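Taking it in order: structure first as structure tokens, then the write-up.
The values are calculated or read from the model by the stated rules, or taken from the named source; none is laboratory data. Predicted, not measured: the structure shown is a model, and the values here were computed from it. For neighbour counting, all protein chains shown are included, and Cβ atoms are generated from backbone atoms with ideal geometry for every residue, glycine included. Accessible surface is based on the protein model in full, side chains and every heavy atom, while ligands, DNA and RNA are left aside. Shrake-Rupley method; radii C 1.70, N 1.55, O 1.52, S 1.80 Å.
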Amino acid sequence: MSEKKLYTPSRRSMLVGGAASIAAFALAPTASASTTGAGRAPAFLRSGASAVRPLESATVRTWAADTWRSLVAMTDPRTGLPADNIPESLAAGDRSGYTSPTNIGGYLWSTIAARELRIITRGEATARLIRTLKTVERMEHHTPSGMYYNWYDEATAKALHTWPDSGDKVVPFCSSVDNGWLGAALLVVQSSDRAAAPWAKRIFERMRWDAFYNDNSDPAHQVRAGGLIHGGFYPYEDGRPGGTYQGTHIGGDPVWLTTHHYDTTVSETRITSYLGIITGQIPAKQYFAMWRTFPATCDWSWHEMQPVGENRTYYGLDVYEGAYTYRGMHIVPGWGGSMFEELMPDVFVDEAAWAPRSWGRNHPLHVRAQREHGLLDAGYGYWGFSPSSNPAGGYREYGVDALGLNPTGYMSDQESTNYDPGFGDCRAATNPNPTYGDGVVTPHAAFLAMMHEPDEAFTNLANLKADFDSYERGGFFDAVAVRSGTVARRYLSLDQAMVMGAAGNVLGNDVLRRAFSTKAVERALRPVIGAEEFGADPVA
């Protein structure tokens, strides 16, 4: 069974699973309900499934400006650190009281996007970047690797050792993916703001991505050929009894490394692989050590469906180029089937252009599949499924189950309707034609999709805004349950940053991609990802 099923405390999982997430749930503002659109006919029934409004740049700029307002409201003016979330009040006193490397990175790249969209001046952008980076440079972190802990107080910049209000213990943890998003943002700043660049460069250059890389040199802790990246490590003590081991990949004092490794390529976690390859700290072959799908054999019949595909060889590694079949398409799935997994790294690397036979096929198919799931398969009338606030309260992972390897993975509705097409002759189908309930759509997923289907995504967002009380002075609220009309009336820093990043690319001539993907980055990364051919195909 895949190691992906094991728990690791990333930002997402800290909010949705495991004992460590209890405090985060307790801290999460309760979503309130709105039923403004509950009685209206779904947009696709009112206007026809094929009716699409051309993208209106001025409207999207307004949406981005309002989104930026929520990020400013979340950010402490002294430290320059954004809170993890804030409710619709946008009041400073209502900030969450904690932040993460991902949140900080999101604020940095959002500042660049806001500047490019002329929401703020160049001078304001530079001042904000420098304030934040000065704070980050002095923050407590794991010095040997240069990696930051998962949780800090945004008002004091101190590492959290107890959760605000509850007092529950927080064990410092260095997450590979959370540090990956901070690292990506540092590269963006380094090449796009001359005055802030020295701070970004100093912080980035002390980060050791190989601290997370299990290269198989330890016989007691073998992984797939080519090596895999740990979920992270605990610097000071074993906070996951039974789920860690003591060791080090960079010498010096040992840390407690997670036995969990990231082993699927359609995942937001590939940004860490990219950073390791770009810096030369992780070999290119690691990219091909990750699963595209798990095998199609009966002894692997636990995953969502039986894939189709063939084996190919890259960098000396045998890769099964498997794909799932959904609505007449072959698509390489993620773990949960969310837009975040598929498209978040695409905000920084033009994967479709650099890897036309892999990501160039899969990204458009994933977006199309999410759209067809929402409008046609489930009949919600709206689409865009990704981890987000739960309109009923707390936080939850949403996605299109058919696009995820996890057999009980990210569902698109509140009822957790499970799609089970079986596994060929190995396992009988239990629910191949489900009836879906109250679908939960998150605007950030549609903004990410705008990079591939600008008009369709714009229409979807315009309908969400028109049909529900889903928008306020901080932009779109985090999620809408579209049949009940219940709205998660809060803003999450990362989700708002995804909105800013996608809008910046769509309206700002790929501003984040251009900033991240320098000539040096392209030389190191493009030949690696460009070599591959996925099993993805628009015709099954």
Exclusive hit being touching a residue at least 40 places away in the same chain (Cβ under 8 Å), among the basic types (K, R) and in contact with a Gly (Cβ under 9 Å, 6 or more places away or on another chain), set R483, R396, R489, R427
R483
In this structure, is G280 within 24 Å of I529 (Cβ to Cβ) and open to solvent by 10 Å² or more (accessible area, probe 1.4 Å)?
yes
Does region 491-504 contain any residue that is part of a loop (DSSP other than H, G, I, E, B) and buried (at least 22 other Cβ atoms within 10 Å of the Cβ)?
no
Among the numbered criteria (1) of a type in the set (V, I, T); (2) closer than 18 Å to R128 by Cα; (3) assigned to a loop (DSSP other than H, G, I, E, B), which one does V171 miss?
(2)
Under 8 Å between Cβ atoms, at least 6 apart or on separate chains: pull out the pairs that start in region 373-392 with a residue that is touching a residue at least 24 places away in the same chain (Cβ under 8 Å) and farther than 12 Å from V482 by Cα and end on any residue that is of a type in the set (K, R) and part of a loop (DSSP other than H, G, I, E, B).
H373/R327; L376/R327; D377/R327
Confirm whether R78 is open to solvent by 40 Å² or more (accessible area, probe 1.4 Å), assigned to a loop (DSSP other than H, G, I, E, B) and modelled with pLDDT of 95 or more.
yes
Does N179 fit the bill of being of a type in the set (S, T, N, Q), part of a helix (DSSP H, G or I), surrounded by 15 or more Cβ atoms within 10 Å (Cβ to Cβ) and touching a helix residue (DSSP H, G or I) at 6+ places or on another chain (Cβ under 7 Å)?
yes
Restricting region 298-320 to residues that are of a type in the set (S, T, Y) and open to solvent by less than 70 Å² (accessible area, probe 1.4 Å), the residue that is nearest to G336 (Cα to Cα)
S301
Flagged in region 214-235 as touching a Lys or Arg at 6+ places or on another chain (Cβ under 9 Å) and of a type in the set (F, W, Y), in numbering order, are Y234
Identify the residue in region 182-203 that is open to solvent by 20 Å² or more (accessible area, probe 1.4 Å) and either of a type in the set (D, E, K, R) or touching a Gly at 6+ places or on another chain (Cβ under 8 Å) (or both) and, among all such residues, is nearest to V521 (Cα to Cα).
K201
Flagged pairs (Cβ under 7 angstrom, 6 or more apart or on separate chains; first in region 213-239, free of Cβ contacts under 8 Å to residues at least 24 places away in the same chain; second of a type in the set (F, W, Y) and surrounded by 15 or more Cβ atoms within 10 Å (Cβ to Cβ)) are D238/W256
Is there a residue being among the small types (G, A, S), on the phi > 0 side of the Ramachandran plot and open to solvent by less than 40 Å² (accessible area, probe 1.4 Å) anywhere in region 232-243?
yes
Filtered residue count, region 505-540, keeping only those that are open to solvent by less than 40 Å² (accessible area, probe 1.4 Å) and either in a helix (DSSP H, G or I) or within 30 Å of A58 (Cβ to Cβ) (or both)
14
Identify, from the list I277, I271, the residue that is of a type in the set (A, V, I, L, M, F, W, C), out of contact with any His (no Cβ under 7 Å at 6 or more places or on another chain) and closer than 28 Å to V440 by Cβ.
I271
Just checking, how many residues over region 195-217 are of a type in the set (S, T, Y) and closer than 18 Å to G232 by Cβ?
1
Does K169 meet the test of being of a type in the set (D, E, K, R), modelled with pLDDT of 95 or more and either open to solvent by 70 Å² or more (accessible area, probe 1.4 Å) or under 23 Å from the mean Cα position of the chain (by Cα) (or both)?
no
Restricting attention to region 123-166, report how many residues are assigned to a strand (DSSP E or B) and either charged (D, E, K, R) or surrounded by 15 or more Cβ atoms within 10 Å (Cβ to Cβ) (or both).
4
Taking W335 and the conditions (1) open to solvent by 10 Å² or more (accessible area, probe 1.4 Å); (2) among the hydrophobic types (A, V, I, L, M, F, W, C); (3) more than 12 Å from V266 (Cα to Cα); (4) in contact (Cβ under 8 Å) with a residue 12 or more places away in the chain, which numbered condition does it fall short on, given that it satisfies the others?
(3)
So, in region 83-114, how many residues would count as being part of a helix (DSSP H, G or I) and crowded, with 24+ Cβ neighbours inside 10 Å?
14
Flag if W151 is within 14 Å of P235 (Cβ to Cβ) and in contact with a Ser or Thr (Cβ under 7 Å, 6 or more places away or on another chain)
yes
Looking only at region 418-449, count every residue that is in contact with a Pro (Cβ under 6 Å, 6 or more places away or on another chain) and either surrounded by 23 or more Cβ atoms within 10 Å (Cβ to Cβ) or closer than 26 Å to K465 by Cα (or both) and tell me the total.
1
Please go through region 247-286 and pick out each residue that is assigned to a loop (DSSP other than H, G, I, E, B) and out of contact with any helix residue (DSSP H, G or I) (no Cβ under 7 Å at 6 or more places or on another chain).
T248, G251, G252, D253, P254, T259, T265, G280, P283
Restricting the search to region 450-459, which residues are outside any loop (DSSP other than H, G, I, E, B) and either in contact with a Leu (Cβ under 8 Å, 6 or more places away or on another chain) or open to solvent by less than 50 Å² (accessible area, probe 1.4 Å) (or both)?
P454, D455, A457, F458, T459
